[in-house]
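Below is one structure, written out as structure tokens, with a few remarks after it.
The values are calculated or read from the model by the stated rules, or taken from the named source; none is laboratory data. Predicted model, so just to flag it, every value in this text is computed and none were measured. Positions of Cβ are generated from backbone atoms using ideal geometry, with glycine treated the same way; all protein chains shown enter the neighbour counts.
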Amino acid sequence: MTQRGRATRSTGRPRGGERPGAGDRRRDAERPRGGDLTARRNRLREVIEPVVTEAGYDLEDLTVSRAGRRHVVRVIVDSDGGINLDAVADVSRAVSAALDAAEEAGGDIVAGEYQLEVSSPGVDRPLTLPRHWRRNAGRLVKVTVRSGREGEQPAGDRQLTGRVVEADDERVVLETDASRTEWTYADLGPGRVQVEFNRLDEIEETDEFDDTGEPGDEDDIDDEDDVEDEER
């Protein structure tokens with residue numbers, strides 16, 4: 001189930017109808033609106049990443065964007081066993097509490113109103129790290145093979161589509177219709193998981209296992225709509 005909400009943060013302005021003085025208005029005018037998004041993302045990462053790691057997950061991505069008067073903070077988390085809705089909700093609450101504590105201790109981490117979104121990666125996210133390839137063992141992947149591989153004549157980059165047989169921290173084994181080949185990650189560009197409609201029945205069977213407590217890793221990883229927004 002998807003839960004949506006909107007989080008609101010105080011901007012530090014007086015409440016109850018009070019208006020700031022001229023000095024406050026001048027300071028507000030001198031302050032860059034919304035702050036530098038890169039700096040804010042770095043501060044957010046310092047707060048959020050330890051929380052995600054302590055919960056047993058990897059912080060795959062963290063973005064900050066503007067949506068009108070609000071910031072949108074999007075957090076992507078994952079693990080070798082995937083992540084389900086309940087875990088997304090737990091991580092979202094923990095991240096929200098950490099942001100509260102950080103703001104109380106050191107001022108605004110995200111200025112003004114913001115919306116927090118925590119989700120798992122979708123199939124459209126590129127495979128850029130060894131753990132991404134490892135977590136997609138058995139999947140069909142399209143990837144660019146870089147030219148100049150040792151022992152081969154440079155012939156320019158080419159596209160390769162193959163199934164991930166196995167992967168570790170150093171290399172990945174891809175199986176194509178022609179052969180099974182081992183590649184180092186330096187040989188490969190970002191991989192893209194291919195949607196296989198003939199495997200939908202397998203995914204549905206995995207959902208049935210979820211009801212009995214068995215993990216549905218692929219379904220959990222693919223569902224990028226599993227978003228938990230905390231409301232303040």
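Structure values in brief
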quantity: Qualifying positions in region 175-188 - under 25 Å from the mean Cα position of the chain (by Cα), closer than 11 Å to Leu160 by Cβ and in a strand (DSSP E or B); calculated: Leu188
quantity: Pairs with Cβ under 8 Å, 6+ apart, first in region 41-63 and assigned by TED's automatic domain parsing to the domain that holds Gln115, second part of a helix (DSSP H, G or I) and of a type in the set (Ser, Thr, Tyr); calculated: Leu59/Thr53
quantity: Set Ala101, Ala137: member being at pLDDT 90 or above, assigned to a helix (DSSP H, G or I) and not aromatic (Phe, Trp, Tyr); calculated: Ala101
quantity: Criterion: assigned by TED's automatic domain parsing to the domain that holds Arg43 and either surrounded by 14 or more Cβ atoms within 10 Å (Cβ to Cβ) or free of Cβ contacts under 8 Å to residues at least 24 places away in the same chain (or both) - qualifying residue of Ala167, Ala98; calculated: Ala98
quantity: Residue under evaluation Ser65, criteria (1) surrounded by fewer than 18 Cβ atoms within 10 Å (Cβ to Cβ); (2) touching a helix residue (DSSP H, G or I) at 6+ places or on another chain (Cβ under 8 Å); (3) closer than 28 Å to Tyr185 by Cβ; (4) of a type in the set (S, T, N, Q), criterion not met; calculated: (3)
